[in-house]
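Below is one structure, written out as structure tokens; the observations come after it.
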Amino acid sequence: MTKFLWIIAVLVTNNALAKDISLTVEEYDFGRQRASILVVDSSNVPMGTTLRVHSKTGTCEVTITEKVNDHLVGITNGCEQGIITPGMKLAYSTDNNWDQPMREPAEISTSYDSPGLTQDILQRTTLFIGHNFAGELEGNVYNDGSVKNLDGDTAFSLGIKGRVYDFTERLSLAVELGYETPRTLDRATFTSPTGVSTVGGTQGFSPRLSLWTLAVLGEARLMERLNGFMGLNLSLPSVSNSQFDISSDIGFQGGANYQLFPQIAVEGLIKITNMNLKNNIGQTTDVSLAGLELRGRYSF
């Protein structure tokens, strides 16, 4: 009889333990406030589950927002450095309880506040402000092969960027809309086919170029706080006080950003903005603004 009761006790214990799913924090991106959690079967963990993690250095929350293959991806809130670390062991119970890290005393907190659409959009959105150092509109303007560059101001830039799709926890697709303050182009450099250059004014008028750009970018996390990106941009230009007409074209931009604080980053990029320029006698050519741009970024 004693042996029979012992077998029943073992079976009950095994069934109880089977309800717990072992989770391992594989990676924590402090800059983007994202935790990657490795799990054998992620289908048993509901989306929107919120884990409150307690440690000696503080308390924070991890909300499960995505499932990528055998990983759960969680957005963190209030997690300072040192609270969540790679290799930390967690346990999720199908009875809807989250256990705390095994190295801490067992203390359970449960929450199922699923992030709304607005919160999810904000977590994927950044704002930027910066300065674009390109001040020369370069291009072959005439059919005889001569070159006419228009020189003028550099410009301040501002805009918004949003991550629209995550291929993996390290690789994402982003869309960016940027604006550059108007440039006054008040000097012309004319180079003849023989190589002789002449610098002068813009013949009584100073064209004023206003520029919007729309970019599609691939972003890759290179290190914990360092991200690289590159992609194509579409110029949306307009010009005033000029005998020229200008229209859109495809360009390129690429660079990197470094996360200084959870919501603040610095960014540098090379930006090539191409446009189509038509002069007063109907000749059309490609022109471009190319140069360095430095930015500060704010993440929600």
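Details
- Cα gyration tensor shape for segment 124-299, rounded if a/c is under 1.5, else prolate or oblate: prolate
- Scanning residues 5 or more positions from V53 or on other chains, those with amide H under 5 Å from its amide H are C60, E61, V62, with H placed 1.01 Å from N in the peptide plane.
- Amide H to amide H distances under 5 Å link N132 with A155, F156, S157, where only residues 5 or more positions off or on other chains count and H is placed in the peptide plane.
- Our coupling estimate for segment 163-176, obtained by passing each phi through the Karplus curve with A = 6.51, B = -1.76, C = 1.60 and θ = phi - 60°, is 7, 9, 7, 10, 5, 9, 6, 10, 10, 9, 10, 10, 10, 10 Hz, Gly and Pro reported as x.
- Contour excess over end-to-end distance, with Cα ends at F167 and D153 and 0.36 nm allotted per residue: 1.1 nm
- Our estimate of slack between F300 and K67, defined as 0.36 nm per intervening residue step minus the Cα-Cα distance, is 81.7 nm.
- R0 of 45 Å, Cβ-Cβ distance M230-F190: FRET efficiency to nearest 0.05: 0.85
- Here the 3J(HN,Hα) profile of segment 120-127, calculated from phi with Karplus coefficients 6.51, -1.76 and 1.60 at θ = phi - 60°, is 5, 5, 4, 5, 9, 10, 10, 10 Hz, Gly and Pro shown as x.
- Convex hull volume of segment 144-186 per residue (C-alpha atoms, cubic angstrom): 150 Å³
A short reminder: the numbers here are calculations on the coordinates, not readings from a lab. All values derive from a computational prediction rather than experimental measurement. Note: ideal-geometry Cβ built from the backbone for every residue, glycine included; neighbour counts use all protein chains shown.
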